[in-house]
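Accompanying notes for the structure given below.
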Amino acid sequence: MNIDSIQNGVVIDHITAGNSMRLYDLLKLDQADCPVAIIKNAVSRKMGKKDIMKIDADIPVDLDVIGYVDPGATVNVIRNGVRVEKKTIGMPELLTDVIRCKNPRCITATEQELHHVFRLTDRERGVYRCVYCETKG
Amino acid sequence: MRSVIDILDLSTAEIDELIETAGDIIKNPANYAELCRGKKLATLFFEPSTRTRLSFEAAMYELGGNVLSVAGGNTSSAAKGESVADTVKTVSCYADIIAMRHPKEGAALVAANNASVPVINGGDGGHCHPTQTLADLLTIRREKGGFSGLTVGLCGDLKFGRTVHSLINALSRYENMRFVLISPEELKLPSYVKNDVLKRKNIPYEQTTDLLSVIPSLDVLYMTRVQRERFFNEEDYLRLKDSYILTPEKLKTAKEDMCVLHPLPRVNEISVAVDDDPRACYFKQVKNGKYMRMALILMLLKEAGTI
């Protein structure tokens, strides 16, 4: 299957197979007014299967979201059809307003203007906890 | 601005220093009677409390300071929908230090992030209650002489019991601790406390539902109340509230120098008949709480340059 190369934008590569739709949602790409291609289960020499996402516009992409969903993903910045930058993404220490705390007893459940902030508490297992109530994200 | 929201905001060296100060306050109260003259503590208690609020207030009075008090969310602007941030920004204009209790978890952190004076968490929902832990630690230190090598049994509601989580966090930083976790299945210690604290630090622990079988091995027995206010479902509360009731009969096989602690209030989980047993230390714990709060108020006001 072929998807045309993009001219200016971002290619997120090496997404763990199956993670692309979650990434699409958290990056709020449903609200983006530009072509976005998601390739699921592409063949990968390293990973066996992987997902790829191509965003055909020069829009800001939240690297923290990518690092949270899939710290192994790579982000390629494309200008005039040429890759000008390749970034590997690690797990961010803090996540702000990416996910919401689900604990009904948390202060964020009643005070709507508070930012939902999660801190990485276990890098090995990729565990994030709400900074207010310590509920797992 | 330094605040204390979680017991882990204090290093073990600072806790040891607070214990030393509290010990000195007990010995020489007159030396401390004027240290906070002209300073004000605001106690903002948006959830019912007798001990903690009065303990903070007594602590400030014994340091020669004054107290401004809001007791009950329905008597303050919180009832009108004022945010925690706005409340503490306002109170910072009147007071030198704030002690706050709030039913929502994390409310104390929001307060600390917005106040311009130190904030002490007097309990934020089921999350943290660091000054209770300070009272527990002083009591254990005074009764047992230290923390190393102790077997500490925690009994009752280990799921929602914030004092239990804080105490485990604090004690796990000392060497050779061992924990026995005694609770009904539904109120077991949350896995994140087990994984992040006990397993990560390789601290030995045992889980059981049977208090009687483990009581002979304990140096400290920390009883807790099954808290009605933590349940969304009254039926679950009624089913679990009488899981453990400590009686003189059950204490027969316990060590003679075991110490029984309870953060109070109790409902019926420790029979009144236990109160006369020399191992019952929960009213000493109340008194110790005041001394540790005095030591903490002093430490934070000194760090803030207020005294």
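The values are calculated or read from the model by the stated rules, or taken from the named source; none is laboratory data. Small disclaimer: the values here were computed from a predicted structure and weren't measured. Ideal geometry is used to build each Cβ from the backbone, glycine not excepted, and the neighbour counts take in all protein chains shown.
Within the range B:118-140, residues that are on the phi < 0 side of the Ramachandran plot and without any contact (Cβ under 8 Å) to a residue 40 or more places away in the chain have Cβ atoms under 9 Å from residues that are part of a strand (DSSP E or B) and among the acidic types (Asp, Glu) in these pairs: B:127/B:105, counting only partners at least 6 apart in sequence or on another chain.
Give the range A:98-121 a look and list any residue that's among the charged types (D, E, K, R) and farther than 14 Å from residue A:67 by Cα, or say none. Step through it out loud before you land on a result.
Of the range A:98-121, the ones among the charged types (D, E, K, R) are A:100, A:102, A:105, A:111, A:113, A:119.
The answer is A:100, A:102, A:105, A:111, A:113.
Just wondering, is there one or more residues in the range A:114-122 that are more than 30 Å from residue B:114 (Cβ to Cβ) and outside the structural domain of residue A:16 (by TED's automatic domain parsing)? So far as the range A:114-122 goes, no, none of its residues is more than 30 Å from residue B:114 (Cβ to Cβ) and outside the structural domain of residue A:16 (by TED's automatic domain parsing). With respect to (1) more than 14 Å from chain A (Cβ to nearest Cβ); (2) closer than 12 Å to residue B:179 by Cβ, the lone exception for residue B:224 is condition (2). Candidates are the residues of the range A:126-137 that are of a type outside the set (Val, Ile, Thr) and within 11 Å of chain B (Cβ to nearest Cβ); the one that is surrounded by the most Cβ atoms within 10 Å (Cβ to Cβ) is A:132.
Listed by position, the helices (runs of 4 or more DSSP H) inside the range B:92-189 whose residues that are in the same structural domain as residue B:212 (by TED's automatic domain parsing) and within 18 Å of residue B:15 (Cβ to Cβ) number at least 2 are B:130-144, B:162-171.
Among what's in the range B:27-53 and is within 24 Å of residue B:121 (Cβ to Cβ) and among the aliphatic types (A, V, I, L, M), pick the residue that is nearest to the chain's Cα centre (by Cα). Write out each step before concluding.
Of all residues in the range B:27-53, those within 24 Å of residue B:121 (Cβ to Cβ) come to B:32, B:35-36, B:39-53.
Filter once more, so that each one left must be among the aliphatic types (A, V, I, L, M): B:35, B:41-42, B:44.
Working: B:35: 25, B:41: 19, B:42: 19, B:44: 17 Å.
It comes out as B:44.
Can we say residue B:112 is touching a Leu at 6+ places or on another chain (Cβ under 7 Å) and of a type in the set (Gly, Ala, Ser)? Here the answer is no, as residue B:112 does not meet what is asked. Filtering the range B:110-129 to residues that are of a type outside the set (D, E, K, R), crowded, with 24+ Cβ neighbours inside 10 Å and within 14 Å of chain A (Cβ to nearest Cβ) leaves B:110, B:111, B:119, B:121, B:123, B:125, B:127, B:128, B:129. Please find, within the range B:82-107, the residue that is nearest to residue B:66 (Cα to Cα) out of those that are away from chain A (no Cβ under 12 Å) and among the charged types (D, E, K, R). Applying the filter and picking the extreme gives B:96. Within the range B:123-143, the set of residues being at pLDDT below 95 and farther than 19 Å from residue B:81 by Cα comprises B:123, B:126, B:127, B:128, B:129.
Would you check if there is a residue in the range B:55-71 being of a type in the set (Ser, Thr, Tyr), away from every other protein chain (no Cβ under 14 Å) and closer than 22 Å to residue A:132 by Cα? The answer is no; no qualifying residue exists.
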